[in-house]
Amino acid sequence: MQMTRRKLLQRMGQLTIASRLPLAHLGVRPDNGQSSTENADYSSPTGPQLAGTQPLTLGGDLADRMVEGIRQFLFKETAASVGRRELLWSRDFSSRQAYEKSVAPNRERFQKVIGLMDSRLPFDVPEIVAVWGDTELVATGSGYQVYAVRWPVLPGVDGEGLLLEPSQSPVARVVALPDADCSPEALAGLAPGLPAEAQFARRLAENGCLVLVPTLIDRNDTWSGNVGLDQFTNMTHREFIYRMAYEVGRHIIGYEVQKVLAAVDWFSRSEPSRPVGVMGYGEGGLLALYSAAVDTRIDASLVSGYFQSRQDVWEEPLYRNVWTLLQEFGDAELASLIAPRGLIVEVCRGPEISGPPAADNRRPEWAAPGHLVSPALEGVRKEVERAKPFFRKVGADQKIRLAVSGIDGQGKPGSEQALREFLDVVGAKNGFKPSGSISVDRRKKFDPAARLHRQFDQLVDFTQAAVRGCEKVRARFWSKADESSVAKWQESTAWYRSYLWEEILGKLLDPTVSITASTRKIYEEPNWTGYEVLLPLWPEVFAYGILLLPKALRSGERRPVVVCQHGLENRPQDVIKATPENEHYYHELAADLANHGFVVYCPQNPYIGGQKFRQLQRLANPLKLSLFSFILSQHKRMLDWLGTQPFVDAQRIGFYGLSYGGKTAVRVPPLLDQYCLSICSGDFNEWIWKISRNDEPFTYIYTYEYEMLDFNIGNCFNYSELANLMTPRPFMVERGHSDAVSIDPWVAYEYAKVKRHYDHLELSDRTRIEYFNGPHTIHGVGTFEFLHHFLRWGEPFES
């Protein structure tokens, strides 16, 4: 029979619970008998603010102001990123060899953030693809033949597309990359979709190049879901793959760059040796730029309809989000990784996308917003001008060129000027040939949709295998953590804590504004008084919350604090006072704790405001920041302030969070030692499965909450590793059997690793999990006992 909170607290009055380890080992002080309320003479100040603080006069919706302040901060940081990037480079222009060596660390970092972490499969030559009874020769053009081909890239992942083979020995070998919504056949003139002047794969072949045209994952949503679950989304195929890949250090961009580089592997082994080039338009332009930046075997690249400033990348589709991108790389900096090799930038009308596919009854509106507009001529010129000095200083002034298609750069891709420049840079000296006749696809049984579906399924399956296998990767990552003693654990995991904060969540610099609290009274209850508290960090950014002070506080008495953290789209007020919307979640948790003598603080976290707060993640990620970069800084500021207050025992500050507050419980207290314990309610999970698996309907693959993603976290940290960083501080999980956040087997599987860790260090009593019959809610039974015990608050609660 399940014990209610009332029965538990009655029972607690007859229990004496002794810790197995001394309190000094936990980092808390004994209660010193100060829990008695007898002769209390501490009361709220007579004025509207808390003693020792300034009056809070800021009006309006402070949560909304917080989110807007962070937004403005990120806009300023984005603008400033251009000038700061050079601090991360140590260029040596004394020779080509010296230059390549000096930028190698930057190239390696770029390879990592676009997901180039898997070894490619070796192969001799591509395989010709043909259906039984159909022709192997797809088409014959002016001086070339066309074949459908496939080439291995990664285990279970192939590149597929067309090979245009010239009749004579090729003048160059080129990977030609269409936009995501364009087929290889259209780029070769074998299918509708592009006018003749834009069919640059065909034009390159006519001019003597061997051309390989890969199939790219498109922006439709046909297969974005799971047939077995009958669960589908309106995410593009690119976003669907991006979401699951990002958590395990991969990326849709990286996968397609791998397909390009696999082709370059083949080109580089082929005889006779010929220059290697890449050319792409739109999404293909991105891939051409990125491929040439990471692989010095590529002699020349032509980037069409893409190259420009990336300062607005947060407005582009989610699948273009790259962790740390703007901190170190704009398009000009990527061009510097190509120097002194050739780069042609073509200004033309780029792909224009207003947003994701439309939602319908079968496909909920779960896709992230994002649009594409044509690069403006002036913007492209400015970015090229930023890139030119890198080429000039390494003696390659003529290797970077700008081609303008049509009036004001609004013509078609693959203009004659651009193709001439490209062929000149790769060393083709046969003269530019006029456009030949357009060929006809001879195949009768070819289905381009089936090929695209194969390509999509291969990447989904590869990524899901990486998700299932990342536990072993984490084990290797954690191999230097020493569990032989608590002291050695703390010492050996200091690096892991820094890595989590700096490389996974992103760490802000220290605040520039001193700790100056502004407060005002907003609650006057029989047993406690409530104050709004505002704490500035930077001119635009502040921390905000509500402090509840028991009226029974005596002068000079220091009490334990419980920080009560709300969930998604909620506010501190929701944790304090019941409303029809929140009562079934929080049950006036904060007020209950204050009624029984705890000092309580309820912070406002910035996950409120729908798309407005989610866009903070889009703005932050390219700067190597995330939403939790700000939450960590806000909580640090709050804890620093609380620690100076005369009514707070700074050694006894515990954390209790529900839902998104539970996410906070495993990300913030492990990194902030001022928290002496943490309780995760309604969130603890096998987190990497929860984020990335596509075979369960409750995962974040099937939700609009795209801000949940953290690049490469799956190879470094799951919830057990995060919780273990609390050691030796106590950690507890509260789990309702009916909580739709997860299923009990996933929660139990992940928590068992936490329990094993604490047991191994002989800290068995410092971690607990409580299951209860209930939904996504604060249960407040075992967790209250946990708080009472480890915060050493004297008298047990009354009913």
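The values are calculated or read from the model by the stated rules, or taken from the named source; none is laboratory data. What you see is a predicted model, and the numbers here were worked out from it, not measured in a lab. Counting neighbours? That spans all protein chains shown, and the Cβs are built from the backbone with ideal geometry, glycine included. Heads up: the accessible areas ignore ligands, DNA and RNA and are worked out on the full protein's heavy atoms, side chains in. Shrake-Rupley method; radii C 1.70, N 1.55, O 1.52, S 1.80 Å.
Numbers below:
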{"item": "Area accessible to solvent at T777, 1.4 Å probe radius, in Å²", "result": "10 Å²"}
{"item": "Diffusion constant of the chain at 37 °C, which comes from Stokes-Einstein with the Kirkwood Cα-pair radius and 0.692 mPa s, µm²/s", "result": "114 µm²/s"}
{"item": "Separation in nanometres of the label points that stand 7 Å from Cα toward Cβ, at E416 and K101", "result": "4.7 nm"}
{"item": "Rounded to the nearest 10 Å², the accessible area of T135 at probe 1.4 Å", "result": "50 Å²"}
{"item": "Sequence-separation-based contact order of the stretch 470-537, relative, with Cα cut under 8 Å and 6+ spacing, percent", "result": "20 percent"}
{"item": "Within the stretch 315-397, GluC sites (Glu not before Pro) in DSSP loop having at most 15 other beta-carbon neighbours inside 10 Å", "result": "E352, E365"}
{"item": "Residue among V781, A723, G682 farthest towards the positive dipole end of the stretch 680-799, charges placed on Cβ", "result": "A723"}
{"item": "Convex hull of Cα atoms in the stretch 342-467, direction-averaged projection (nm²)", "result": "14.1 nm²"}
{"item": "Charge-dipole axis of the stretch 210-258 as Lys and Arg at +1 and Asp and Glu at -1 on Cβ define it, positive-most pick from G225, I241, Y255", "result": "Y255"}
{"item": "Only Lys, Arg (+1) and Asp, Glu (-1) charged, at Cβ; the chain dipole about Cα centre in debye", "result": "1520 debye"}
{"item": "Residue-normalised accessible area of the chain, given per residue in Å² at a 1.4 Å probe", "result": "36 Å²"}
{"item": "Alpha-carbon centroid distance for the pair the stretch 659-677 / the stretch 125-166, whole angstrom", "result": "54 Å"}
{"item": "Cα-centred dipole magnitude for the stretch 639-721, charges only on beta-carbon of K, R (+1) and D, E (-1), debye, nearest 20", "result": "120 debye"}
{"item": "Full-extension gain in nm, E569 to S94, via 0.36 nm per residue minus C-alpha separation", "result": "165.5 nm"}
{"item": "C-alpha long axis of helix 611-620 to longest principal axis of the chain, angle in °", "result": "70 degrees"}
{"item": "Tensor-based shape of the stretch 232-380 (alpha-carbon gyration tensor, a/c under 1.5 rounded, otherwise prolate or oblate)", "result": "prolate"}
{"item": "Placed amide H near F542: partners under 5 Å, 5+ positions off or other chain", "result": "L537"}
{"item": "Modelled FRET efficiency - R0 35 Å, A449 with R297, Cβ distances, 0.05 increments", "result": "0.55"}
{"item": "Unit charges on C-beta of K, R, D, E only; dipole of the stretch 620-672, Debye", "result": "180 debye"}
{"item": "Loop-located trypsin sites (Lys or Arg not before Pro) in the stretch 421-480, at most 11 other Cβ atoms within 10 Å (DSSP)", "result": "K429, K444, K445, K480"}
{"item": "Cβ-based charge dipole, the chain, positive-most Cα from F655, I576, M117", "result": "M117"}
{"item": "Listed residues V278, V129 arranged by accessible area, highest first, probe 1.4 Å", "result": "V129, V278"}
{"item": "Exposure rank, largest accessible area first [C602, C182; 1.4 Å]", "result": "C182, C602"}
{"item": "Percent carbon-and-sulfur accessible area, the chain, ignoring ligands, DNA and RNA, probe 1.4 Å", "result": "50 percent"}
{"item": "S94 accessible area, assembled protein chains, probe 1.4 Å, Å²", "result": "90 Å²"}
{"item": "Solvent-accessible ranking of I407, I298, largest area first, probe 1.4 Å", "result": "I407, I298"}
